[in-house]
Amino acid sequence: MPARRSPSRAAIVVGGLAGLSAVVLLGLVIHALGNGPLPVDTWWHDLMLASRTDAGLAVARALDVIGGVVWMIVIGIVLVVSLLIAHRPWDALAVVAAMLVAEATTSVLKLSFARPRPADSLVTEAMTSFPSGHTSLAAAVTVVLALLLRRPMLWAAAALWVAMMAWSRTYLAAHWLTDVLAGAVLGSSAALLAWALITGIRDIAQRRAVAASQDPSAR
C-alpha cells in the first residue's frame, strides 16, 4: 500500500489564506446586516440558555479561565520550553508564531468590526465579540501541535478541545455562534500559515547548512 502523501506547503498556505479570507468576509456580512446576531446565532443562543446547569456553568467557567490570555501565555511558555528541551527549536518557534498571528489578527478584527457581545453575557471582558479570542487561540495551539508532531490522536484532541472551548463561550453567552466558528477557522488558519512559514525557513536554513558543510572553500 503506497504511503499517504502529506499536503504540500503551498496547499497549506492556500488553505490558511482562504480561512482568513472567509473570516473577514463573514465579518463584513455580519457588519452589513447590522452587526447583531444572525438567525442561527439567536437559535443557538436560546438553546444554550435553555440547557444551562450548574455543572455546565462550572465547566464553562473553568474553560473561560484556562482559555484566557494569561493562562494561554503560561501554556505557551510550557510548550515552548518543552520543545526546546526536546531539541526542537523550530517547532517551538512555530508555536510562538501561531499564537502571535492568531492573537494579533483576532484583536485587529475585534476592533475593526466592533460587534457587541450578547446582552446577557456572563463574562465582563472589554473586547468586542467577533471573532472569539478564546476559540482562536485554542485552535492555533492545538492545530499547530498536530501539524508539528503528526500524531493522528492530536487531530482528534484538537477538534475536541476547540469544540469544547467554542461551546463554553456560547454557554456563557460571551459570544454568538458565528463568533466562535470564525475564531476556530481563524486560529486554524494562523496555525497553518505559521507552520508553513517556520518550516519553510527551517528547510532553507538546513539546506544552506548542508551546502556549507560540503563546500571545501567554507572550511
Point to revise | Subset of segment 64-103 [surrounded by fewer than 14 Cβ atoms within 10 Å (Cβ to Cβ) and small (Gly, Ala, Ser)] | key: 82, 86
Revision key, fill the gap. Within segment 116-160, restricting to residues that are in contact with a Ser or Thr (Cβ under 9 Å, 6 or more places away or on another chain) and basic (Lys, Arg), the one that is farthest from residue 90 (Cα to Cα) is 117
Review point. How do the pairs read when you match residues in segment 166-187 that are outside any helix (DSSP H, G or I) with residues anywhere that are surrounded by 24 or more Cβ atoms within 10 Å (Cβ to Cβ) and among the charged types (D, E, K, R), using Cβ under 8 Å and keeping only pairs 6 or more apart or on different chains?
Key: 175/169
Review point. In segment 26-56, what count of residues is obtained for those that are loosely packed, with under 15 Cβ neighbours inside 10 Å and more than 14 Å from residue 115 (Cα to Cα)?
Key: 13
Review point. Would segment 132-152 turn up any residue that is exposed (fewer than 15 other Cβ atoms within 10 Å of the Cβ), within 18 Å of residue 35 (Cβ to Cβ) and in contact with a His (Cβ under 9 Å, 6 or more places away or on another chain)?
Key: no
Point to revise | residue 109 vs. criteria in contact with a Pro (Cβ under 7 Å, 6 or more places away or on another chain) and either at pLDDT 95 or above or not charged (D, E, K, R) (or both) | key: yes
Check your understanding: Considering only residues of segment 191-219 that are of a type in the set (D, E, K, R) and within 30 Å of residue 158 (Cα to Cα), which is modelled with the highest pLDDT?
Key -> 202
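Go through 155, 161 for me and flag whichever is in contact (Cβ under 8 Å) with a residue 12 or more places away in the chain, part of a helix (DSSP H, G or I), surrounded by 15 or more Cβ atoms within 10 Å (Cβ to Cβ) and not aliphatic (A, V, I, L, M).
Being in contact (Cβ under 8 Å) with a residue 12 or more places away in the chain, part of a helix (DSSP H, G or I), surrounded by 15 or more Cβ atoms within 10 Å (Cβ to Cβ) and not aliphatic (A, V, I, L, M) holds for just one of 155, 161, which is 161.
The values are calculated or read from the model by the stated rules, or taken from the named source; none is laboratory data. All figures in this text were calculated on a predicted structure; none of them were measured in a lab. No Cβ is skipped: glycine too gets one built from the backbone with ideal geometry, and neighbour counts run over all protein chains shown.
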